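First up is the structure itself, then whatever we jot down about it.
The values are calculated or read from the model by the stated rules, or taken from the named source; none is laboratory data. Note that the structure is predicted; figures quoted are calculated from it, not measured. Cβ coordinates were reconstructed from backbone atoms using ideal geometry, including for glycine residues, and neighbour counts include every protein chain displayed.
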């Protein structure tokens, strides 16, 4: 695996007795766009806040560019762009003012022209007050603020939540443009799997605070499969197949969700279990994600190259 | 060269495979000819708004299939189909896929000779587009 820009070790957070993030061991290699996926309340925001040192972990640690999350120096922070969930910006500031405010945190690397061009491209004016903007416009300002310092690592917490298709596309374009520059890395969480599929080449799946997958998108897409088998006579009581995640039974049908099981093994299972017929059902990323994070019988898919 | 690739997120076909498949088809139909240069990875990624690694992955698949070759520093070019080596296994696999189509056709009640006609006209369709394109040039 190439150089790791972001790493967590046993990162854990309890809120009272509620376990929000459970021993997260995540590695994000340089040069990728990593989609951080998880259902609502899976622990994504908590994990991100701990990575950035905004929240103290109960146990464990994180590091960005080799610097501990708890003690990120200004020099390291300067290399990181962060877009908060909901695009929280100071309402009383004008767009121009907030640009100058942000610039102060990125001495020597803030691109004034880039920021001004983006604001103009979005049809906004520097004089507009943030509080007068719509959620979509505020998101656009937030995107411009994140990209103008040309960060080496961009972390975005559900940046396209509630945005229309056109503004969502601008975020995707922004990520693609950034990643084209040498050595840039993006970590973003999202619930829109079609967006993730477009721009991410890596995904990390968190479920109930536990990291369940961290691998290339391609590997995930290849690994998660569904087999539907129908029987005339009796159905097998035990399903003996490697990589079985879920098994659903109906009267004459078995539905198996498999992880990392190749077609040869499926064939071998069919030869023994003798269904009348079976098929491998094609799934898109969303179906795969839903099946993968559906409760019961956890199977993990890890790969540290 | 204009980009004709159309991405459909949410499909059960991964995006790298969509890109590779559509370029293969364009080569088969003669929209892309021997020696034509594919768009640069970064350019195509920006236009389609997809990860550059996904485009690179698609190009690698095409290269492994012998459809294109990459010359360091100058780009990826469509190979001469005459130069593509195919072994018996490739031809067998193709014959098996044709069998699937034939079985389906016969099951639908289409007679063998009509199926053969269908094959012919579909193939002619591929060639025709190629000729039209040549005439335009």
(request) Would you mind finding the one in A:280, A:272 that is surrounded by fewer than 17 Cβ atoms within 10 Å (Cβ to Cβ) and within 14 Å of another protein chain (Cβ to nearest Cβ)? (result) A:280
(request) Just one of (1) closer than 23 Å to residue B:15 by Cβ; (2) touching a helix residue (DSSP H, G or I) at 6+ places or on another chain (Cβ under 7 Å) trips up residue B:30, so point out which. (result) (1)
(request) Please report, ordered by residue number, the helices (runs of 4 or more DSSP H) entirely within segment B:18-124 with at least 1 residues that are away from every other protein chain (no Cβ under 14 Å) and either at pLDDT 90 or above or surrounded by 10 or more Cβ atoms within 10 Å (Cβ to Cβ) (or both). (result) B:52-64, B:88-107
(request) State all residues of segment A:166-189 that are away from chain B (no Cβ under 11 Å) and either crowded, with 23+ Cβ neighbours inside 10 Å or assigned to a strand (DSSP E or B) (or both); if no residue qualifies, say none. (result) A:185, A:187, A:188, A:189
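The rows are residues; the columns are (1) over 18 Å from residue A:178 (Cβ atoms); (2) at pLDDT 95 or above; (3) more than 22 Å from the chain's Cα centre (by Cα).
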{"position": "A:88", "(1), (2), (3)": "yes, no, no"}
{"position": "A:94", "(1), (2), (3)": "yes, yes, yes"}
{"position": "A:106", "(1), (2), (3)": "no, no, yes"}
{"position": "A:119", "(1), (2), (3)": "no, yes, yes"}
{"position": "A:153", "(1), (2), (3)": "no, yes, no"}
{"position": "A:161", "(1), (2), (3)": "yes, no, no"}
(message) Looking at segment A:184-205 only, could you name the residues that are touching a strand residue (DSSP E or B) at 6+ places or on another chain (Cβ under 7 Å) and either farther than 22 Å from residue A:152 by Cα or without any contact (Cβ under 8 Å) to a residue 60 or more places away in the chain (or both)?
(response) A:205
(request) Identify the residue in segment A:209-231 that is part of a strand (DSSP E or B) and within 17 Å of residue A:25 (Cβ to Cβ) and, among all such residues, is nearest to the other protein chains (Cβ to nearest Cβ). (result) A:215
(message) For segment A:191-208, give me the residue count where each residue is within 12 Å of chain B (Cβ to nearest Cβ), within 10 Å of the chain's Cα centre (by Cα) and within 23 Å of residue A:151 (Cα to Cα).
(response) 4
